[in-house]
Each structure stands twice: as C-alpha cells, then as structure tokens.
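First comes the structure, then the notes that go with it.
The values are calculated or read from the model by the stated rules, or taken from the named source; none is laboratory data. Everything numeric here is computed off the predicted structure, so don't read it as measured data. Cβ sites come from the backbone with ideal geometry, for glycine too, and all protein chains shown count toward neighbours.
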Amino acid sequence: MDRLLSADPSVIGGYRLAARLGAGGMGVVYLARSPHGTWCALKSIRSEHADDPGFRARFRRETELAARLRSRWTVPVLAADAEARSPWLATAYVPGPSLAEAIARNGPWPTVQLLRLGAALAEALEGVHACGLVHRDVKPANILLAADGPRLIDFGIARAVGVTALTTDGSVIGSPGYLSPEQARGRTVGPASDVFSLGCVLAHAATGRPVFGVGGAAGVLYRTVHEEPDLDSVPEALAGIVRRCLSKDPERRPSVAELRDGFGRFEERGWLPEGLPALVAARAARVLELPVPQGTVTDGVPVDGWADAVTQAAGAPAGAPTSRRRVLAAGGAVLGVSAAGVGSWWRWGRSPSSGTTGAGALPRRVIGLLGDRSEAAFTAHQRGAQVAVGEHNDSAGRAFDLVLRTADDGGTAKGATAAAARLAADPEVSLVIGTGTNATAPAAVEACARARVAQLLTRADTNELDGVNLTSTLLMRPTRTAGPPAILRYLNRVVKPTHTTVVHDLTDGAETLQTVRSITVHKKLDGDATVEEIAPDGDFGAAARRIADRGDDAVLFAGVHPDRAASCARALREAGYRGPCVADEHVLGARFLAQAEGWLIGTGYTDATADPRVRAFTAAHRARFGAAPAPWAAEAYDAVRFAVHGLTALGDDDRSVLRSELLRRPWQGITRKVSYDADSEFFEAQEDAGAFLYRVRDHAIRFVARADDIGRTAN
C-alpha cells in the first residue's frame with residue numbers, strides 16, 4: 001500500500017479513502033472504508049476515460065451484468081456510480097498479494113498447490129460463464145490470494161456472450177501474454193478465450209515465467225498467435241491439460257467442466273505454497289492495525305459526514321441526489337479491481353518536508369547519479385545533469401531545490417549493486433539515474449526496488465531489462481527486444497530493400513537473438529530476409545561472398561562486439577559488396593570505425609553539436625563547461641528534467657510513489673518523448689522516442705538524423 005497523494009480526494013461516494021492500492025492506465029485503486037465501517041477497494045476512473053460517453057455506457061452495462069455473479073471465488077461489488085464526474089466502483093477488499101507478486105517473490109508453485117489453484121479458478125470461470133459473461137483478462141495480477149483460496153477480480157473489460165460490443169471490432173483488449181489468439185487478432189471471443197488465459201496463468205505459476213515470453217506487446221502478441229508456448233518445467237500432472245488449454249483453435253480447448261474434473265476438488269488446507277500463508281497473514285494484519293480514516297478540513301470547517309459532497313473529486317457536485325449512486329447487494333455482484341500491486345506495502349501518514357537549509361529556504365530533493373566515474377559516458381551524464389540541476393535551481397517559482405549526488409560502480413555488476421544500495425539507503429535521495437552499461441545496469445535494479453526508490457535507466461538496452469516493470473525501475477529507451485528503431489526505419493524508408501541479409505554473430509547470440517527475431521518473426525523490416533549465422537570463432541568470408549554474389553539490397557549486422565563487426569565489414573568489402581550496411585551502437589570501436597566506412601549506425605543518443613533540436617542545451621553546456629556536450633549529456637539532461645516533472649507532481653509525498661507519478665502521462669524532452677504503456681509499463685518505442693542515425697565517415701561517426709526525421713530528409 002502507498003499513502004495518499006496530496007492531490008487525492010478524501011472521500012468518494014461516501015467512502016473515506018485511507019491509502020493507494022495501485023494505479024494504472026484506467027484509474028487509481030484506493031483502500032477505503034465504507035459508511036458501515038468495512039474495508040473495501042475503490043477504483044476511480046480517470047477523467048479522460050469518463051469523458052467518453054461510450055465508456056460510461058460500457059461501465060454501466062458491465063456493472064449491471066456483474067450483478068448476476070454468485071461465486072465463492074469472486075468479490076462482491078458494494079457500490080458503483082457510472083454517472084459521477086469520475087466514475088467509480090467499490091468492491092470487498094481482499095488483503096492478500098496478487099498471484100503475480102507471489103510468483104515474483106517466492107518463485108514457481110509446487111504441483112499440489114497448482115492443482116488446487118486450477119480447481120478454484122476453473123470453478124470461478126464456471127460461475128462467470130454460467131451468467132453469460134466472458135472475463136477477457138484472466139492474468140496473475142487479477143488473482144488475489146487469500147487464506148481460504150484465490151479470488152478472481154477485475155471484470156472491467158468483461159463482456160456478455162452474444163451482446164454487441166461497445167468497443168470497435170478489431171481492437172485488442174486484454175493483457176498481452178495472457179490473452180487468447182482470437183483476442184490478439186481483435187476477433188470476437190467466448191468462454192474458450194478465458195480457458196486459454198487460465199492455461200497461461202497456470203503455466204506461469206508452474207515455471208515462474210510468462211508462457212509466451214517477455215518484451216514489447218507486439219512481440220508477445222505475435223508469439224501468442226504464431227508460436228508454441230514455452231511449457232518446459234511444467235509438472236507432468238499439469239502439462240497435458242495446460243497444453244490443451246493453450247490450443248490455438250478455441251474448439252480444441254477443454255470446457256470449464258472438463259477442467260474441474262481434471263484439477264479435482266479444491267481443498268483449503270495447505271492450498272498455498274510454503275512462505276505465502278505468512279505473507280497473506282501479514283497483509284491482513286496491516287489492515288486490522290489501520291486507524292479509522294478521519295475527515296479532511298474544507299475551508300477551515302471539519303467534514304464530519306459521509307456525503308458525496310465532501311470533495312469535488314468524489315464525482316457528483318454538492319447536493320447531487322444520492323439516488324444517482326447505484327448500490328448493489330454486498331453478496332451479489334462482482335466487478336473486482338486489483339487490490340494489491342506488485343511490491344506494494346503500507347506507509348501510514350504524510351511524510352514531512354525534506355528539510356530546509358535555513359529560515360525561508362526551499363526544501364531540497366536529491367537525485368543520485370550511478371555509474372563508472374572512469375568512463376567518458378559518465379562524465380557526459382554528470383555534466384548534462386548538472387546543466388539541468390542549475391537551470392532548475394535558477395528558475396523562479398520552483399517548489400524545491402535540486403542536489404546531484406554521484407556514486408561510482410567501478411564498471412562491474414557487483415559494484416553497481418553496492419553503489420545503488422548506498423544511494424537508495426539514503427532517505428534524502430528521491431530518485432536514482434542509472435548510467436551503466438548492459439553489463440552493470442541490471443544489477444542495480446534489485447537494490448533500488450528493495451529500497452522503493454525510483455530509478456531511471458538512460459543508456460542500457462539489454463533484454464535482461466524486459467522485466468523491470470515488476471520493479472521500481474523505468475527505462476528511458478526501448479530494450480533491444482523492440483528492434484533497432486533508427487536503422488530499421490532507414491532501411492524501410494530510404495533503402496526500401498527487396499532482400500536483406502542479417503549477419504548474426506553468435507559470439508553473444510542470446511543477447512542479439514531478439515534483433516534477429518524482430519526482423520524474421522515480427523517482420524519489422526520490409527521485404528525478404530536471410531540469416532547468415534556465424535559461429536563465435538567463425539570467419540565472415542564465406543557469408544560475405546554469398547551476400548555479394550546475391551547482390552543483396554542491404555546487410556544488417558546483429559552483434560555486439562566491435563572487433564567482430566570490424567571483421568564482418570572487412571570481409572564484405574573484400575568480397576566486393578557495396579550495398580548499404582547497418583548496425584547498432586554496440587559495435588562502435590576504433591577497429592570497427594577503421595573498417596566500416598559508409599556504414600549506418602543506430603544509437604540511443606543524439607549529437608548535440610549537429611541536432612538542431614538541442615541548440616539551447618548545447619549553448620548552456622558550452623557556457624558552463626567551455627566545451628560541446630559529449631554523447632549522453634543531452635539524455636542525462638532529459639532524465640533530470642523528467643525526474644523534476646515527477647517530483648513536482650509528487651509534492652511533499654514520499655519517494656516511494658514517484659514511479660507512479662512518472663508513469664501517469666507522456667512527457668516531451670529535448671531528445672525524446674517519454675511515455676509508457678498503461679498495461680505493461682514498458683517504454684513505448686515511438687518514432688520520437690530517442691533513436692538516432694549516424695554514418696561512419698573518416699574513422700568517426702557523423703550525425704545523420706533523428707529516427708522520426710528519416711525519410712523526410714536527405715540521407
């Protein structure tokens with residue numbers, strides 16, 4: 001649980017708010033106390049969705065449909081108001097972790113507990129389908145764990161079977177990785193779709209990993225439709241039935257009745273794996289220890305009643321008739337909300353100010369900068385950050401002063417873990433900016449997550465970071481799973497190849513496989529593609545001669561070692577190949593630059609001396625340091641300004657909720673637009689999301705264009 005933000009209302013629809021349970025693209029979920037004194041989970045829908053009449057109609061209709069449900073394994077709706085300015089609904093509160101959190105904390109489930117979990121969820125779906133509903137979003141985050149069994153929640157996108165959809169046909173609704181192939185294709189779904197999702201959930205619980213992998217939504221959806229699920233390590237007692245659930249053909253999936261027979265009877269005793277009963281009990285104890293939420297003061301007058309008019313944010317204006325609020329029987333409807341977010345915990349009360357340095361002085365916020373101080377990239381980051389800090393502290397009307405604090409990771413994963421822990425342990429540090437490489441950045445993630453301090457990663461793009469949406473870390477660039485955006489855009493918009501060869505250097509094949517998949521599986525490159533795999537100790541000569549003989553339109557090097565890339569460039573030149581060649585920033589090195597004249601390189605950093613959109617920053621950097629900004633300086637400047645954007649919205653609230661503020665809305669910097677997918681929380685790899693193109697000229701790289709300008713300028 002997180003404490004309330006200063007901008008949160010005190011009362012919604014007569015329910016006093018006590019804490020935040022989570023926030024997402026649709027709204028905020030609060031822990032609240034009903035007029036009768038019971039704890040509940042209350043979800044308030046964001047105003048931008050409420051402005052859509054179609055959304056209100058769907059919200060109203062699905063609330064009414066959910067009233068049909070009677071199930072042991074779902075939670076009842078206590079009240080809902082579709083007509084409020086910000087529609088809301090309140091459900092019974094389940095004070096346990098989600099299945100997603102349980103798997104992340106404790107790992108895969110044993111066979112006995114998996115069968116009991118499957119038995120309860122199959123019974124829950126049987127009740128849903130018997131009422132003529134399809135859940136459409138069965139996933140670990142929507143399954144809460146209580147001492148007496150699981151609860152299936154969040155019917156916010158449920159649909160009645162046979163009822164015309166209020167959303168446009170062809171749209172994808174649900175959570176990638178758990179939705180069915182028919183959902184991924186935007187087609188009409190039935191009960192069999194929920195069966196597929198249940199198979200995904202059970203396989204995830206059995207193995208500890210999503211059955212269709214991680215990464216960007218597009219890649220996960222593609223694998224869901226076209227590839228077989230990863231069922232390695234699924235226990236034999238479960239593998240057969242899960243495999244049937246995951247059939248691409250809905251007609252071949254088992255019915256819910258068959259699932260109940262296959263899983264057997266649910267038994268409450270020992271249904272949770274070792275370690276989880278204590279966690280569930282601790283969560284329940286925290287709620288029992290909470291004080292009764294007190295009313296707020298409006299214009300100096302205490303608010304004593306439970307009326308809707310207590311706060312404007314409650315929805316209806318003062319004096320609005322309470323008959324607009326539809327109250328449902330406590331034991332009747334089910335329209336659940338996610339009541340426990342991954343890694344959430346309880347902090348009661350508002351935190352004091354960060355402190356001042358004297359009478360009338362502003363409070364200060366400390367930003368940590370983590371990286372290898374011996375690296376030129378760290379110096380560039382530090383200087384860019386210092387420019388941003390100086391500009392902020394010179395600005396009139398600011399709410400706080402900024403302080404920059406650095407920590408040296410020594411360029412090792414072990415050092416990154418220790419340095420991140422030191423920064424995160426300092427209560428003054430509001431946020432950490434990680435400047436490390438793919439070899440060091442992942443190591444800092446866990447340390448920041450344990451301390452509940454937000455971390456922004458500027459430079460790293462390894463696939464190992466595909467799972468940071470389960471931590472306190474946010475990326476400010478896409479991982480390599482999304483593919484190299486600048487060079488793919490160059491090939492598609494400028495070269496327009498009929499046939500491209502991807503030279504896959506297997507020296508670090510696991511790290512570069514996603515780049516190959518983005519082209520061969522996800523078809524992010526137009527035209528046909530051939531893959532030439534080169535063994536770690538292999539020579540590029542034979543492959544280069546085949547490429548030259550075919551007269552390919554383009555070559556893309558998928559590798560991360562500069563010397564190997566240099567050998568490839570030399571082999572292509574000696575074979576007589578003169579077509580365009582592309583690679584990403586990881587190949588840059590002196591030997592490569594000496595061999596790769598004319599190659600196009602995609603990077604995550606701009607050239608502040610050549611990019612016209614960063615002139616003001618470049619001038620400020622020159623004025624302060626007497627030199628032009630080096631690579632990554634402008635990106636660090638943006639990271640600090642993005643942090644300030646979140647800290648300003650945060651006000652006096654605790655640093656633990658800063659990540660939620662940063663996720664709330666897109667933000668435009670000088671190098672990129674920063675936005676995150678509302679469901680997956682992955683960095684959205686848009687055209688203006690910080691990808692840049694360079695060309696190798698005279699043993700150096702020369703700036704060509706931003707990715708979003710490629711094809712609009714002469715390249």
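Listing for the model above:
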{"read-out": "Hits in region 464-486 - residues which are hydrophobic (A, V, I, L, M, F, W, C) and out of contact with any Ser or Thr (no Cβ under 8 Å at 6 or more places or on another chain)", "value": "V468, L470, L474, L475"}
{"read-out": "Matching option when the condition is on the phi < 0 side of the Ramachandran plot, out of contact with any Cys (no Cβ under 9 Å at 6 or more places or on another chain) and either of a type in the set (A, V, I, L, M, F, W, C) or surrounded by fewer than 18 Cβ atoms within 10 Å (Cβ to Cβ) (or both), among A554, A583, A544, A571", "value": "A571"}
{"read-out": "Residue in region 418-426 that is in the same structural domain as A628 (by TED's automatic domain parsing), closer than 24 Å to L362 by Cβ, among the charged types (D, E, K, R) and at pLDDT 95 or above present", "value": "no"}
{"read-out": "Cβ-Cβ under 6 Å pairs, at least 6 apart or on other chains, region 409-424 side under 17 Å from T379 (Cα atoms), far side buried (at least 16 other Cβ atoms within 10 Å of the Cβ) and among the polar types (S, T, N, Q)", "value": "D409/T440; A416/T440"}
{"read-out": "Residue among A616, A636 that is assigned by TED's automatic domain parsing to the domain that holds G371, within 25 Å of V429 (Cα to Cα) and in a helix (DSSP H, G or I)", "value": "A636"}
{"read-out": "Qualifying residue in region 556-574 (condition: among the charged types (D, E, K, R), within 38 Å of the chain's Cα centre (by Cα), assigned by TED's automatic domain parsing to the domain that holds A486 and not in a helix (DSSP H, G or I))", "value": "no"}
{"read-out": "Residue tally, condition more than 10 Å from G149 (Cα to Cα) and either outside the structural domain of A124 (by TED's automatic domain parsing) or touching an Asp or Glu at 6+ places or on another chain (Cβ under 8 Å) (or both), over region 252-271", "value": "3"}
{"read-out": "Any hit, region 683-692, residues being modelled with pLDDT of 95 or more, under 24 Å from G219 (Cα atoms) and of a type in the set (A, V, I, L, M, F, W, C)", "value": "yes"}
{"read-out": "T479 vs. criteria among the β-branched types (V, I, T) and either within 23 Å of W599 (Cα to Cα) or surrounded by fewer than 24 Cβ atoms within 10 Å (Cβ to Cβ) (or both)", "value": "yes"}
{"read-out": "Every residue from region 239-298 that is modelled with pLDDT of 90 or more and among the aliphatic types (A, V, I, L, M)", "value": "A239, I241, V242, L246, V256, A257, L259, L272, L276"}
{"read-out": "Of residues in region 424-480 being among the acidic types (D, E) and in a loop (DSSP other than H, G, I, E, B), the one farthest from A104 (Cα to Cα)", "value": "E428"}
{"read-out": "Subset of region 505-541 that is buried (at least 16 other Cβ atoms within 10 Å of the Cβ) and basic (K, R) - its residue that is nearest to R570 (Cα to Cα)", "value": "R517"}
{"read-out": "Qualifying residues in region 390-423 (those that are in a helix (DSSP H, G or I) and more than 26 Å from T471 (Cα to Cα)) - the one farthest from the chain's Cα centre (by Cα)", "value": "D394"}
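Conditions (1) in contact with a Pro (Cβ under 7 Å, 6 or more places away or on another chain); (2) part of a strand (DSSP E or B), marked per residue:
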position: L31; (1), (2): no, yes
position: H36; (1), (2): no, no
position: S44; (1), (2): no, yes
position: F55; (1), (2): no, no
position: E64; (1), (2): no, no
position: S86; (1), (2): no, no
position: I103; (1), (2): yes, no
position: W109; (1), (2): yes, no
